[in-house]
Amino acid sequence: MRTRTLRAPLAPATLALLTLTATIAATGPAEAAATRIRLGGASDVSRTSWQGPAFTMNGDGKILTAPMARAVDAIRGGTGSLDVVVLGASAPASGSKTPECDTVMTLPGINSCTTWTLTATRDGANSQVNTDIRNAEFVFFAGGDQCRYAAWKGTALEASVESVVAKGGGSGGGSAGHHINSPVVYDACNGSVTTPEVLADPYNSYISFTTGMFEWADYGGVINDSHFVARDRMGRTMAFVARAIKDGRTPGGKAWGVGVDEGSSLYLDGSGQATLYGKGAYVILGDHQPEQATSGKPLTFSNYKIWHLAAGQTYDFKNRPTCGYYLRSVTNGVADANLYNGTPQTDCSTPPSSSTFAETEANDTRTTANDASALTLPATLTGSMKSTTDRDYFRISLASNQKLSVHCAVPDAYDADLYLLDSTGSTLVRSTNDGAGTDETLTFTRTATGTGTYYLDVEAYNGSGASPYSCAATTA
């Protein structure tokens with residue numbers, strides 16, 4: 001995020017030689033040179049088709065391994081490897097010069113990760129930058145300065161990123177990189193603004209927007225915000241939504257704010273379904289003109305519809321829900337209490353009992369597996385890691401050419417891993433992300449004819465407890 005300070009000239013970056021380092025384009029004396037560091041394979045992957053798009057919207061600058069791994073797996077269709085490019089507006093002040101790529105290179109299915117530090121608007125026309133982007137399958141915008149990212153609107157770089165998504169790749173970002181991936185961007189080019197300032201005057205001079213840069217399918221009418229709960233940004237996102245409607249920046253007289261908290265990521269798949277990884281996220285809908293949104297006057301806007309997403313919960317951006325929200329208003333610049341929690345005004349239909357399946361012990365082996373083969377997917381499998389050696393097996397069935405996707409929301413009480421086994425007990429796919437409370441995700445496509453028996457195995461890796469895990473299983 002930008003802070004409200006004058007821009008200072010950037011010092012030239014001194015970068016360690018890792019795998020391949022090249023200084024591509026020198027700029028004027030007031031700006032550092034564009035720099036490139038490549039990790040992994042020296043040559044890009046060449047392939048005729050990819051299975052995306054997939055997107056990751058992160059609440060802070062760090063890459064979360066679980067949603068990033070899911071995006072990589074979705075794009076490559078579970079086979080082969082791909083190339084990632086990380087774009088940044090400034091090099092880290094200390095530590096590794098490639099923190100995002102350091103994380104990316106630990107994931108399965110990665111051929112290379114290239115970090116570009118770009119400091120000038122004209123870097124958007126850099127031929128080597130654009131070659132790297134177009135040859136990649138995922139572009140990640142690092143945290144930092146979304147104003148510099150917005151300056152690339154209309155450049156070759158914008159078109160190159162769009163070409164990655166168009167070929168079945170993906171895009172994402174954290175903090176400033178989260179902001180730039182929405183169709184309406186709070187660009188912070190005039191400085192940063194706080195909730196009290198923007199509620200007191202939604203036309204505060206520090207507020208500026210960029211529109212029409214990246215407009216991803218099913219994600220229309222959205223304005224992103226980051227560090228959401230940690231920096232109390234609900235009120236300012238409400239004001240941004242009111243401004244988007246009042247200024248006609250979104251179609252149909254509606255606008256959606258998407259606020260993602262620190263340590264969280266909203267994964268968006270090719271069908272428009274978003275899944276929350278981490279602490280929390282919010283979707284804020286304004287569906288009418290503000291009662292008062294005028295320069296120099298406090299904001300009044302009644303009945304924002306707010307969806308609060310916890311780990312593993314979803315929001316369908318293609319078929320946007322009309323239920324499950326709570327209401328909050330702003331009156332003369334004063335927001336209602338309890339902005340971040342509320343009782344839903346409308347109840348989305350409760351899934352039938354057949355679409356939720358709770359484990360019963362003992363189910364620690366394939367022989368004693370809980371039989372979930374009669375379930376109609378999508379369905380949710382629930383259980384807990386009752387000991388540090390607990391293993392929960394669920395028997396399921398898959399038809400020919402059926403693609404299975406499983407996402408397990410793991411509580412903070414323990415670290416659990418997820419495996420898919422065939423009928424003989426051989427492991428086909430696994431998800432073994434480190435850390436208590438870290439979600440697990442896997443996908444598998446059955447190519448054999450007829451119907452086959454498979455086993456989902458949820459295993460305690462570190463710790464245990466009564467807190468339940470929840471595994472959402474879908475097929476396509």
Inset, instruction - Could you go through the stretch 87-101 in sequence order and give the Karplus-derived ³J(HN,Hα) for each residue, using 6.51 cos²θ - 1.76 cosθ + 1.60 with θ = phi - 60°, rounded to whole Hz, and x for Gly and Pro? - result: 10, x, 8, 7, 7, x, 5, 8, x, 4, 7, 9, x, 5, 5
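Compute, for the chain, the length of the dipole vector about the Cα centre, with Cβ point charges of +1 (Lys, Arg) and -1 (Asp, Glu) only. Units Debye, rounded to 20. Walk me through the numbers on the way to the answer.
Numbers: 35 positive and 44 negative charges, 239 e Å.
Charge dipole, the chain, about its Cα centre: 1140 debye, nearest 20.
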Legend entry - Of ALA473, GLY253, SER46, farthest towards positive along the dipole that unit charges on Lys, Arg, Asp, Glu beta carbons give the chain: GLY253
Legend entry - Under 5 Å, built H, 5+ apart or other chain: amide partners of SER208: ASP187, ALA188, CYS189, ASN190
Legend entry - THR356 long-range amide H proximity, modeled H, under 5 Å: THR380
Legend entry - Shape call, the stretch 181-282: gyration tensor on alpha carbons, a/c limit 1.5: oblate
Legend entry - Neighbour-count ranking [beta-carbon atoms within 10 angstrom, fewest first] of HIS179, HIS288, HIS227, HIS308: HIS288, HIS308, HIS227, HIS179
Inset, instruction - Arrange the peptides 61-67, 191-197 so that the one whose residues have, on average, the most other Cβ atoms within 10 Å appears first. - result: 61-67, 191-197
Inset, instruction - Determine the percent antiparallel among the DSSP beta bridges restricted to the chain, to the nearest 5. - result: 70 percent
Legend entry - Least to most buried among LEU87, LEU428, LEU285 (fewest other Cβ within 10 Å first): LEU428, LEU285, LEU87
Inset, instruction - Taking amide H positions as placed in the peptide plane 1.01 Å from N, state which residues far from GLY144 in sequence (5 or more) or on other chains have amide H under 5 Å from it. - result: ALA176, GLY177
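Sorted by packing (mean other beta-carbon atoms within 10 Å per residue), highest first, where do 263-276, 95-108 land?
Working: 263-276: 22.5, 95-108: 18.6.
Descending mean neighbour count gives 263-276, 95-108.
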Inset, instruction - Would you kindly derive the ³J(HN,Hα) couplings of the stretch 284-291 from the backbone phi angles with the Karplus curve 6.51 cos²θ - 1.76 cosθ + 1.60 (θ = phi - 60°), listing them in order in whole Hz, with x for Gly and Pro? - result: 10, 9, x, 10, 7, 5, x, 5
Legend entry - Lysine pairs with alpha-carbon atoms under 21 Å apart, the chain, spacing 8 or more or separate chains: 13
Inset, instruction - Have a look at HIS288, VAL85, HIS227 and report the one farthest towards the positive end of the charge dipole of the chain, computed about the Cα centre with Cβ charges (Lys/Arg +1, Asp/Glu -1). - result: HIS288
Legend entry - Whole-Hz couplings from phi, Karplus 6.51/-1.76/1.60, listed for the stretch 402-415; x for Gly and Pro: 8, 9, 9, 10, 10, 10, 9, 7, 9, x, 5, 6, 7, 10
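With a ≥ b ≥ c the root eigenvalues of the C-alpha gyration tensor of the stretch 353-475, is it rounded (a/c under 1.5), prolate (a/b larger than b/c) or oblate? Can you show the working numbers first?
Details: a/c = 1.67, a/b = 1.58, b/c = 1.06.
It comes out prolate by the Cα gyration axes.
Computed from the coordinates by the stated procedures, all read-outs in this text should not be read as laboratory data. Only a predicted model underlies this, so the values are computations on that prediction, with no experimental measurement involved. Methodologically, a virtual Cβ is constructed for each residue, glycine included, from the backbone with ideal geometry; neighbour enumeration extends over all protein chains shown.
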